[in-house]
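For reference, the structure discussed in these notes is given below.
The values are calculated or read from the model by the stated rules, or taken from the named source; none is laboratory data. Everything quoted here is computed from the prediction, not taken from an experiment. Ideal geometry is used to build each Cβ from the backbone, glycine not excepted, and the neighbour counts take in all protein chains shown. Ligands, DNA and RNA are excluded from the accessible area calculation, which covers all protein heavy atoms including side chains. Shrake-Rupley method; radii C 1.70, N 1.55, O 1.52, S 1.80 Å.
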Amino acid sequence: MAFTEVSEEGWFSRIGSSIKGILFGIIIFIVGFPLLFWNEGRAVRRAQTLAEGRGAVVSVASDKVDSANEGKLVHLTGMAETDETLTDPEFKISAEKAIRLKRQVQMYQWVEHEETKTEKKAGGKKVKTTTYTYSKEWADSPVNSSNFKEQGHDNPGSFPYQPEEIVAENVTLGAFNLGPRLAGKIGGEKPVPLNEQALNQLPPTMASKMKVNGNEFYMGNNASQPELGDVKISFAKVDPTKVSVIAVQKGESFQPYEAEAGGSTIFELVQGEKTADEMFSSLESANAMMTWILRGVGFFCLFIGLTMVFRPLVVIADVLPFLGSMVEAGVGLLAFGIAAPLALITIAIGWIAYRPIIGIA
């Protein structure tokens, strides 16, 4: 099933739109400079924080709380676990000693997909052809079919049940309490097995609407041939798992490490048994990656801003489509040729400002 929409924009209208876009392009272009400069400072402050933390961290045992380490940045490993039994309030599904219990709900619905093709015509006209296709898919949130371009693909509306997540209040690491922020970083969800016994534990009105299909409750006639409005409900849990933590020891719990360099904190939990050196190396790699990502975003702002400023030249040349394509390619090369050195100069200025010895060299 497909619906096609064709729209045309005349040459004069395109020129007007491109001229209006100049101001927006200038704003994007200007934003690129402080972003690039700020990013260099952020990278340096983060690197200084990690270097300071690497030098200050103390590896400790998790089986006891040593008051001598109070206020120190500590590293420890052990099992993150809890004695709590988490229970879903509606479905009464329980998970013993689970750190987190999550209810997942999906409905079989119509989903609209959009594909657009643009074609330039002689005289500067631009023809945009948008094709909308529709398919039935499982979605984890309601899809509003009232906004579909083609009618006749009506979705049921709201879900009969909503997603839910229950988190254990007391998650420990040996003699320590992780607290909600660190415990919230623990992943590794596993499906909760469901069977006929779990179905029979549901309230009668709820159980009569459902059947068990693998590890899911299924609301519908046939799980192998889903129909519009069918619902499937599954549950996932996070079991006790080995973790490694770097944070400041605060009594029997933890708090973020505030570096003397300022501007950044250390408050980390990773799954598995990792040494302090491995965790800091991973944090340093993440900082380097973020630095390059933001450099790319800053350069992209400069490049896109310049192409928008020069856009009227492309539209004017589009009176002959082949000429417009040539000018568009030239504008792209020109924007790249201006944006690249400006980005490098801004980064260099940031280096000189934040790390003068390396920057000047």
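Can Ser18 be described as in contact (Cβ under 8 Å) with a residue 12 or more places away in the chain, surrounded by 15 or more Cβ atoms within 10 Å (Cβ to Cβ) and outside any helix (DSSP H, G or I)? Even if it seems obvious, please write down each step before you answer.
Working: in contact (Cβ under 8 Å) with a residue 12 or more places away in the chain: yes; surrounded by 15 or more Cβ atoms within 10 Å (Cβ to Cβ): yes; outside any helix (DSSP H, G or I): no.
So Ser18 fails the test.
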Output for Cβ contacts, cut-off 6 Å, separation at least six or different chains, first residue among the basic types (Lys, Arg) in the range 201-216, second surrounded by 13 or more Cβ atoms within 10 Å (Cβ to Cβ), reads Lys209/Met219; Lys211/Tyr218
Note on the range 59-93: residues open to solvent by 50 Å² or more (accessible area, probe 1.4 Å) and within 19 Å of Gln271 (Cα to Cα) are Ser59, Ala61, Asp63, Met79, Glu81
Only unsatisfied item for Lys117, checking (1) open to solvent by 70 Å² or more (accessible area, probe 1.4 Å); (2) touching a residue at least 40 places away in the same chain (Cβ under 8 Å); (3) not in a loop (DSSP other than H, G, I, E, B); (4) not small (Gly, Ala, Ser), is (2)
| said: Please verify whether Gly32 is small (Gly, Ala, Ser), surrounded by fewer than 20 Cβ atoms within 10 Å (Cβ to Cβ) and more than 30 Å from Glu150 (Cα to Cα), treating the condition exactly as stated. | reply: no
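Of all residues being closer than 30 Å to Lys126 by Cβ and small (Gly, Ala, Ser) in the range 277-318, which is surrounded by the most Cβ atoms within 10 Å (Cβ to Cβ)? Just the residue, please.
Here is the first cut: in the range 277-318, the residues closer than 30 Å to Lys126 by Cβ are 296-297, 299-318.
Next, only the ones that are small (Gly, Ala, Ser) stay: 296, 305, 317.
Working: Gly296: 11, Gly305: 22, Ala317: 19.
Checking each candidate, the answer is Gly305.
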Scanning the range 166-216 residue by residue, those touching a Leu at 6+ places or on another chain (Cβ under 7 Å) and of a type in the set (D, E, K, R) turn out to be Lys185, Glu216
Would you call Phe336 in contact (Cβ under 8 Å) with a residue 12 or more places away in the chain and either open to solvent by less than 50 Å² (accessible area, probe 1.4 Å) or touching a Pro at 6+ places or on another chain (Cβ under 7 Å) (or both)?
-> no
Within the range 36-58, of all residues that are open to solvent by 40 Å² or more (accessible area, probe 1.4 Å) and of a type in the set (A, V, I, L, M), the one nearest to Leu294 (Cα to Cα) is Ala47
Being under 30 Å from Thr133 (Cβ atoms) and over 30 Å from the mean Cα position of the chain (by Cα) narrows Gly214, Gly220, Gly174, Gly251 down to just Gly220
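Filtering the range 263-286 down to residues that are of a type in the set (Gly, Ala, Ser) and free of Cβ contacts under 8 Å to residues at least 40 places away in the same chain, which residue is farthest from Arg54 (Cα to Cα)? Reasoning before the result, please.
Within the range 263-286, the subset of a type in the set (Gly, Ala, Ser) is 263-264, 272, 276, 281-282, 285-286.
Cutting the leftovers down to free of Cβ contacts under 8 Å to residues at least 40 places away in the same chain gives us 272, 281-282, 285-286.
Values: Gly272: 19, Ser281: 9, Ser282: 12, Ser285: 14, Ala286: 15 Å.
Top of the filtered list is Gly272.
Hey, among Ser13, Ser7, which residue is in a helix (DSSP H, G or I), modelled with pLDDT under 90 and over 29 Å from the mean Cα position of the chain (by Cα)? First the steps, then the outcome.
Numbers: Ser7 fails: in a helix (DSSP H, G or I).
Sole residue among the options that is in a helix (DSSP H, G or I), modelled with pLDDT under 90 and over 29 Å from the mean Cα position of the chain (by Cα): Ser13.
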Restricted to the range 319-333 and to residues being free of Cβ contacts under 8 Å to residues at least 40 places away in the same chain and surrounded by 15 or more Cβ atoms within 10 Å (Cβ to Cβ), the residue farthest from Arg14 (Cα to Cα) is Gly332
